[in-house]
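For reference, the structure is listed below as structure tokens.
What follows draws every value from the coordinates through simple rules; no lab data is involved. The model shown is predicted, which means the values in this text are computed figures rather than measured ones. Cβ sites come from the backbone with ideal geometry, for glycine too, and all protein chains shown count toward neighbours.
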Amino acid sequence: MQKSFITIMTNTLEDSTTFYCDILGFEVQHIMTPAEDIKLIWLKNENDMIIELAYIAQGGAGDNSGASITLTFQVEDLESKRQLLIINDVPYQTHSLPNGSTVHRFSDPNGTAISFMD
């Protein structure tokens with residue numbers, strides 16, 4: 001089985017799109033409005049990872065802060081990613097793992113947990 005894409009529900013579609021593009025390096029690939037109250041934005045990064053941001057006007061969930069999922073991105077230059085978080089006023093926590101790796105953990109505008117790891 002291959003991965004296809006990750007869907008993140010959002011009430012802040014514009015803020016979320018900006019966040020994923022500016023902080024995580026994704027690019028908008030496709031925008032779709034399948035119904036009047038539904039808007040989908042497909043984002044893709046340099047490693048062909050696809051994230052679908054989904055906005056549903058009526059009853060769509062957008063607070064993911066209670067979810068038990070973390071998107072983790074392994075990066076070559078962890079310090080430059082930390083500086084990017086600081087410049088963009090994104091609060092983060094730093095953790096050292098038993099294997100010696102360092103992780104900077106933060107949240108997207110919807111509360112979805114994200115980590116940069118070396």
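Within the P(r) computed for the chain, what percentage of the Cα pairs occupies the region above 24 Å?
On the way: 1905 of 6903 pairs.
Roughly 28 percent, once rounded to a whole number.
Once Lys and Arg get +1 and Asp and Glu get -1 on their Cβ, which of Ser68, Trp42, Ile87 lies farthest toward the positive end of the dipole of the chain?
Among Ser68, Trp42, Ile87, the one farthest towards the positive end of the dipole of the chain is Ser68.
What aspartates and glutamates sit close enough to Lys39 to cross-link, taking a C-alpha to C-alpha distance under 20 Å and skipping anything fewer than 8 places away on the same chain?
Excluding near neighbours in sequence, the set is Glu14, Asp15, Glu27, Glu52, Asp63, Asp108.
Of the beta bridges DSSP finds with both residues in the chain, what % are antiparallel, to the nearest 5?
Details: 22 of 31 bridges.
So the antiparallel bridges amount to about 70 percent of the total.
When you take every Cα atom in segment 1-59, what is the radius of gyration, and what is Dmax, the widest Cα pair distance, in Å?
Using the Cα atoms of segment 1-59, the pair Rg, Dmax is 11.5, 33 Å.
Give the order of Asp118, Asp89 when sorted by the count of other beta carbons within 10 angstrom, beginning with the fewest. Show your work: numbers first, answer last.
Working: Asp118 15, Asp89 6.
Lowest count first: Asp89, Asp118.
Working out 0.36 nm times the residue gap between Arg105 and Asp118, then minus their Cα-Cα distance, what length gain in nm do you get to one decimal? Mind showing how you got there, number by number?
Details: separation 13, 0.36 × 13 = 4.68 nm, distance 1.20 nm.
So the extension gain works out to 3.5 nm.
Summing +1 for each Lys or Arg and -1 for each Asp or Glu, what net charge is found among the other residues whose Cβ lies under 9 Å from the Cβ of Thr94? Show your work: numbers first, answer last.
Numbers: positive: Arg82, Arg105; negative: none.
Charge balance in the 9 Å sphere: +2.
Could you check the simple spin-label distance between Glu76 and Thr12, using points 7 Å along Cα→Cβ, in nm with one decimal?
Going from the Glu76 label point to the Thr12 one covers 3.1 nm.
Counting other Cβ atoms within 10 Å, keep those with at most 13, restrict to DSSP loop, and tell me which trypsin sites (Lys or Arg not before Pro) in segment 1-95 are left.
For trypsin sites (Lys or Arg not before Pro) across segment 1-95 that sit outside H, G, I, E and B with at most 13 neighbouring Cβ atoms in 10 Å, the list reads Lys3.
Kindly identify segment 70-118 as rounded, prolate or oblate by the Cα gyration tensor criterion: order the square roots of the eigenvalues as a ≥ b ≥ c, call it rounded if a/c is under 1.5, otherwise compare a/b with b/c, prolate if a/b is larger, else oblate. Can you show the working numbers first?
On the way: a/c = 1.91, a/b = 1.31, b/c = 1.45.
The shape class here is oblate.
Multiply the residue separation of Met32 and Gln93 by 0.36 nm, subtract the distance between their alpha-carbon atoms, and state the gained length in nm to one decimal. Mind showing how you got there, number by number?
Details: separation 61, 0.36 × 61 = 21.96 nm, distance 3.47 nm.
Between Met32 and Gln93, full extension yields 18.5 nm more.
Could you work out the local net charge near Thr70, counting Lys and Arg as +1, Asp and Glu as -1, over the other residues with Cβ closer than 12 Å to its Cβ? Don't skip to the answer; put the middle values down first.
Details: positive: Arg105; negative: Asp108.
That sum, taken over residues with Cβ under 12 Å, equals 0.
How high is the FRET efficiency from Leu85 to Lys44, r the C-beta distance, R0 30 Å, rounded to 0.05? Show your work: numbers first, answer last.
On the way: r = 22 Å, r/R0 = 0.72.
After rounding to 0.05, the efficiency reads 0.85.
Return Ile51, Ile56 ranked ascending by Cβ neighbour count within 10 Å, so the fewest neighbours appear first.
Ile56, Ile51
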